[in-house]
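The values are calculated or read from the model by the stated rules, or taken from the named source; none is laboratory data. Computed from a prediction, not measured in an experiment: that's the story for all the values here. Positions of Cβ are generated from backbone atoms using ideal geometry, with glycine treated the same way; all protein chains shown enter the neighbour counts.
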Amino acid sequence: MTKTNVKITPANGKLGVLLPGMGAVATTFIAGVEAVKRGLANPVGSLTQMGQLRLGKRSENRSAMIKDFISLASLENLCFGGWDIFEDNVYEAASKAKVLEQTLLDQLKEPLSKIRPMSAVFDKSYITLIDGKNKKTGKTKKDLADQIREDIQRFKKENNCERLVIVWCASTERYTEQAACHESLAKFEKALLENDPMISPSQIYAYAALMERVPYANGSPNRSVECPALQELARELRVPISGSDFKTGQTLMKTVLAPGLKSRLLGLSGWYSTNILGNRDGEVLADPGSFKSKEVSKLSVLEQILEPETYPSLYGDVHHQVQINYYPPRGDNKEGWDNIDIFGWLGYPMQIKVNFLCRDSILAAPIVLDLALFMDLAQRTELFGIQEWLSFYFKSPLAAPGLKPEHDLQVQLLKLHNTLRFMGGEELINHLGLTYYGIVEE
Ligand SMILES: NC(=O)c1ccc[n+]([C@@H]2O[C@H](COP(=O)([O-])OP(=O)(O)OC[C@H]3O[C@@H](n4cnc5c(N)ncnc54)[C@H](O)[C@@H]3O)[C@@H](O)[C@H]2O)c1
């Protein structure tokens, strides 16, 4: 593909958005889209709905709404479905999640009640602290993957969808190291037949999605498409994948602040982060195995931004700790505290305190929307495999093997914007700016 021959298939017809896990994040996303469609609220936080893209030279004063610049599925053309271990429809699940006000949910009761979760692939050894009745059974993990494939095909047909995307919004599975069955597609497919315990439910969904040529994004920190076997499948069948772990709340702030400190070469001796969270996500994360997945994802960010090997005197000895405590009274309204110990000129110490009273699912919902629309765009543009330009949305962004992921939010945004310009046949922006001063010719 070159700059001049990018072809984008138009976003005609309905786009089905399928969500494994229909809890707080998924229902806040779906209810939010239905509210926006009815003019009840604005899609704040969504680049696809509210973002502008600068085009051409600064002197041209040219920009466009992203959704007008590039062909994206419209909200009216979205259609929702998913899987959960609980049978609640989206209206009931959203009411229980208590993220959105009941008065708003009641206005959306009719469309939300119609969306019922399909039965889930679930394995108690991966998520220990919750269980439900709405589960599939199968002799082998291959049988379970085939059942998910049938669900996908049936949903597409019954809802008359042109295209589908899948965004994993289910609970965080326990931490796993990469195992032999993850090393290649051949080993993975053999392991599906042999019921290898190292294949997680999220990997069964991911495998089924890719086999159906459906783009798959992973919103949790657990290993799903984050293995060579499924990345091989994505490349072979030319399907886009992205992940992992939605970048919201505390980590979002970290990837704004840490690059700022590093830009000015201010040193860092410690970063202590703690959170209280009272929703079901918090309940699941009270299990050490699930928390370990989250911890690894949250901890990786600083090291990759600060590059201690390049700046050992500034970042070679950073004490970075992250804690999440399950505290039911707060529900979805998380509170995070950060104490940041920095040092400046001649090593003089200073401190920064951040107290973020955020709403987890309110921050995550626009990410689900943007990922659904951009993953669909990627497929219509014939991009496949890892979508690094979507790193902007993730705490642990996937990158090609051997490549360090980019964590700096502003660099991630630049990459996303330039990818859209590339797709739309516009000049890429490198911010050199010397042409404005006649030093470099146009
Ligand atoms: N909200 C945020 O800011 C944020 C940020 C980053 C990542 N995440 C991740 O997003 C995910 C969803 O968060 P949430 O707050 O909606 O959690 P939640 O507990 O409200 O919802 C998760 C749902 O997944 C279901 N589930 C669990 N295992 C399943 C399976 N195998 N198949 C189908 N359904 C399954 C649960 O029953 C539950 O309804 C979590 O993994 C969380 O770590 C959230």
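Table for the structure above
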item: Those residues of the range 39-48 which are more than 16 Å from the ligand (Cβ to nearest atom) and within 20 Å of K415 (Cβ to Cβ), in sequence order; result: L47, T48
item: Output for the range 273-292, where each listed residue is outside any helix (DSSP H, G or I), within 12 Å of the ligand (Cβ to nearest atom) and under 25 Å from P308 (Cβ atoms); result: N275
item: Matching residues in the range 339-365 - criterion: being within 16 Å of the ligand (Cβ to nearest atom) and in contact with a helix residue (DSSP H, G or I) (Cβ under 8 Å, 6 or more places away or on another chain); result: F356, C358, D360, S361, I362, L363, A364, A365
item: Restricting the range 134-172 to residues that are assigned to a loop (DSSP other than H, G, I, E, B) and not hydroxyl-bearing (S, T, Y), the residue that is farthest from A364 (Cα to Cα); result: K139
item: Top-ranked residue in the range 293-327 [being closer than 22 Å to S200 by Cβ and more than 13 Å from the ligand (Cβ to nearest atom); ranked as surrounded by the most Cβ atoms within 10 Å (Cβ to Cβ)]; result: S300
item: Leading residue by the ranking (nearest to N134 (Cα to Cα)) among those in the range 63-94 that are in contact with a Leu (Cβ under 6 Å, 6 or more places away or on another chain) and within 16 Å of the ligand (Cβ to nearest atom); result: G82
item: Filter result (more than 12 Å from the ligand (Cβ to nearest atom), of a type in the set (D, E, K, R) and in a loop (DSSP other than H, G, I, E, B)) within the range 173-187; result: E177, E183
item: Test result for Q387, under 14 Å from L47 (Cβ atoms) and touching a Ser or Thr at 6+ places or on another chain (Cβ under 9 Å); result: no
item: Restricting the range 104-117 to residues that are free of Cβ contacts under 8 Å to residues at least 60 places away in the same chain and either touching a Gly at 6+ places or on another chain (Cβ under 7 Å) or part of a loop (DSSP other than H, G, I, E, B) (or both), the residue that is farthest from W168 (Cα to Cα); result: K114
item: Number of positions in the range 95-114 that are more than 16 Å from the ligand (Cβ to nearest atom) and touching an Asp or Glu at 6+ places or on another chain (Cβ under 7 Å); result: 2
item: Search result, residues across the range 376-404 that are away from the ligand (no atom under 16 Å from the Cβ), in contact with a strand residue (DSSP E or B) (Cβ under 6 Å, 6 or more places away or on another chain) and assigned to a helix (DSSP H, G or I); result: D376, A378, Q379
item: Selection from the range 1-41 of residues that are without any contact (Cβ under 8 Å) to a residue 24 or more places away in the chain and under 19 Å from L377 (Cβ atoms); result: T2, N5
item: Exclusive hit being of a type in the set (D, E, K, R), at pLDDT 95 or above, over 14 Å from the mean Cα position of the chain (by Cα) and assigned by TED's automatic domain parsing to the domain that holds D332, set K415, K353; result: K353
item: Selected residue (only one of S269, S202 is at negative phi, among the small types (G, A, S) and assigned by TED's automatic domain parsing to the domain that holds G45); result: S202
item: In the range 221-272, residue farthest from the ligand (Cβ to nearest atom) [restricted to those that are within 30 Å of I342 (Cα to Cα), part of a loop (DSSP other than H, G, I, E, B) and not hydrophobic (A, V, I, L, M, F, W, C)]; result: R264
item: Residues within the range 26-66 that are over 24 Å from V165 (Cβ atoms), assigned to a loop (DSSP other than H, G, I, E, B) and hydroxyl-bearing (S, T, Y), tallied; result: 0
item: Of all residues making up the range 253-306, the number that are at pLDDT 85 or above and among the polar types (S, T, N, Q); result: 7
